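Asker: Below: one structure in structure tokens.
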Amino acid sequence: MPENHTDTNQAPVKGLHKLKSAEITSIEAIPAKVGLRNQLIIRIETRDGLVGWGESGLSTRENAVVATVDHYAKFLIGKDSRQIGRIWQECYRSQYFEGGRVLTAAISAIDIALYDLLGKRLGVPVYQLLGGKQRDTIPTFASFMAESIDQSLANTQTLVDAGWDCIRIYPSGFDGGTTFNPRALLGDTAKHLIAIRKEFGPNLCIGIDLHHRYTPTEIASFCNMMPEGTLDFLEEPIRSENPKAYATLRELTNIPFAVGEEFSSKWQAAPFLEQGLTQFMRFDVANVGGFTEAMKIAGWSEQHYIDLMPHNPLGPICTAASVHLCAAVPNLSWLETRQSPVENLGFHDTNIFPVQAELKGAMYIVPNAPGLGIEVDEEALRASVPDQYECPHLVKPDGSVTNW
């Protein structure tokens, strides 16, 4: 028989129909205003009409991520949506320059949407794709900012009464303007923390988000203002570009660090795990590379006896993804929530997201529906026009630029 002969009676290749039905037919990035700020939602559809949803975490730089998603879509359309790990590698390695937060924010959103799709295709929740559920509820920590000590105590009481055993505050006195005086704020903030510890005793976990706006010396000075045992964790006190700076700060204070929301890969997390530079891993599933990368870092953290405390400041898709991830790992302390009684940010708008992960008291209930377990009202999502929002460009009192 000639080599180029086609046997028209040949039986169809097994699984070919399933492969075709799982082919990616569209990838769309949809920026929208949800509550007080924008969210970037990713919609992926397959040939059989299934839709998966993802979310990017690079807030205020959504347009850069949109361009990246559009670029990736050009070579991902037609791919088998079930080959999630391979798609991750192709997106990450298909250019000369490695990674970067814009690229991994796009990859994260695509990866989350592909897991949502696969869960729906198989009829199982995403946590089953990650090894199965290890807990039924996800403990959270809640946050607030208060201008007076009385307000800090009142907010803490509200949260404790509602079931929270871990709270986080922001430095007091920062009004959202453009002038930032770090030393002027830290003394007042220390007084708030001392008052909370005195009022609520040793069993409440108390942390502070310093938003990487400080230097090691400023943080060391801040820690010295408080009696030992006041704080349970310092979150993102300095930027993470130079791990040696964290090693220096580690020598200046014994308060545990919670670091990782800036990470965009396992390679960025590596020195913090290997050198003991964080005691809580704060990665963001919508920035670090989606489930594919987050689960690798979670396992690596477990090796070093480090619990996760994931960053979760976005919307219902990131929240649902974080809940599924937290359900599937053994090493979890708390998941961040921005849905507490003392914050009203509107990020979880039920008109746009009519079905989402349920916060019951201080716990998220792990969804059991296929995929992420969220539903999106596409008409409402597309009708919500994004703002041209820009974070405040902070300056110190002398006029020099500093970190937002």
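The values are calculated or read from the model by the stated rules, or taken from the named source; none is laboratory data. Source: prediction; values computed, not measured. Backbone-built Cβ (ideal geometry, glycine too); neighbour counts: all protein chains shown. Accessible surface is based on the protein model in full, side chains and every heavy atom, while ligands, DNA and RNA are left aside. Shrake-Rupley method; radii C 1.70, N 1.55, O 1.52, S 1.80 Å.
Asker: Taking Lys133 as meeting all but one of (1) surrounded by 22 or more Cβ atoms within 10 Å (Cβ to Cβ); (2) modelled with pLDDT of 95 or more; (3) within 24 Å of the chain's Cα centre (by Cα), write down the number of the exception.
Answerer: Of the numbered conditions (1) surrounded by 22 or more Cβ atoms within 10 Å (Cβ to Cβ); (2) modelled with pLDDT of 95 or more; (3) within 24 Å of the chain's Cα centre (by Cα), the odd one out for Lys133 is (1).
Asker: So, one more: Considering only residues that are hydrophobic (A, V, I, L, M, F, W, C) and buried (at least 19 other Cβ atoms within 10 Å of the Cβ), look in the stretch 31-49 and name the one that is farthest from Val65 (Cα to Cα).
Answerer: Ranking the qualifying residues of the stretch 31-49, first place goes to Val34.
Asker: Within the stretch 326-334, does at least one residue satisfy the condition of being under 11 Å from the mean Cα position of the chain (by Cα) and of a type outside the set (D, E, K, R)?
Answerer: No - not one qualifying residue is present in the stretch 326-334.
Asker: Within the stretch 162-177, identify whether any single residue is in contact with a helix residue (DSSP H, G or I) (Cβ under 9 Å, 6 or more places away or on another chain), in a strand (DSSP E or B) and among the aromatic types (Phe, Trp, Tyr), and answer yes or no.
Answerer: No, because not a single residue in the stretch 162-177 is in contact with a helix residue (DSSP H, G or I) (Cβ under 9 Å, 6 or more places away or on another chain), in a strand (DSSP E or B) and among the aromatic types (Phe, Trp, Tyr).
Asker: Residue check: is Leu19 at pLDDT below 95, in contact with a Gly (Cβ under 8 Å, 6 or more places away or on another chain) and either open to solvent by less than 60 Å² (accessible area, probe 1.4 Å) or of a type in the set (A, V, I, L, M, F, W, C) (or both)?
Answerer: No.
Asker: Could you check the stretch 67-109 and list, in sequence order, the residues that are under 21 Å from Glu241 (Cβ atoms), open to solvent by 70 Å² or more (accessible area, probe 1.4 Å) and either at pLDDT 95 or above or not basic (Lys, Arg) (or both)?
Answerer: Within the stretch 67-109, Phe97, Glu98 qualify.
Asker: If only one of Leu345, Leu359 is under 27 Å from Ala154 (Cβ atoms), in contact (Cβ under 8 Å) with a residue 60 or more places away in the chain, assigned to a loop (DSSP other than H, G, I, E, B) and aliphatic (A, V, I, L, M), which one is it?
Answerer: On inspection, the qualifying residue turns out to be Leu345.
Asker: Still on this structure, please answer the following. Within the set of pairs 6+ apart or on separate chains, which have a first residue in the stretch 253-272 that is within 26 Å of Pro227 (Cα to Cα), a second that is assigned to a helix (DSSP H, G or I) and open to solvent by 20 Å² or more (accessible area, probe 1.4 Å), and C-beta atoms under 7 Å apart?
Answerer: Hits for this filter: zero, empty list.
Asker: Additional query: Would you call Pro182 surrounded by 15 or more Cβ atoms within 10 Å (Cβ to Cβ) and either within 23 Å of Leu335 (Cα to Cα) or not hydroxyl-bearing (Ser, Thr, Tyr) (or both)?
Answerer: So Pro182 fits the description; yes.
Asker: Considering only residues that are part of a loop (DSSP other than H, G, I, E, B), farther than 30 Å from Tyr127 by Cβ and either among the basic types (Lys, Arg) or open to solvent by less than 60 Å² (accessible area, probe 1.4 Å) (or both), which ones fall in the stretch 362-404?
Answerer: Those that are part of a loop (DSSP other than H, G, I, E, B), farther than 30 Å from Tyr127 by Cβ and either among the basic types (Lys, Arg) or open to solvent by less than 60 Å² (accessible area, probe 1.4 Å) (or both): Pro386, Cys391, Pro392, Leu394, Lys396, Gly399, Ser400, Thr402, Asn403.
Asker: Restricting the stretch 362-404 to residues that are among the β-branched types (Val, Ile, Thr) and in contact (Cβ under 8 Å) with a residue 60 or more places away in the chain, which is farthest from Ile138 (Cα to Cα)?
Answerer: Out of the qualifying residues, it is Val395.
Asker: Quick check on my filter: what residues within the stretch 343-355 are open to solvent by 40 Å² or more (accessible area, probe 1.4 Å) and either touching a strand residue (DSSP E or B) at 6+ places or on another chain (Cβ under 8 Å) or within 30 Å of Thr178 (Cα to Cα) (or both)?
Answerer: Result: Asn344, Asp349, Pro354, Val355.
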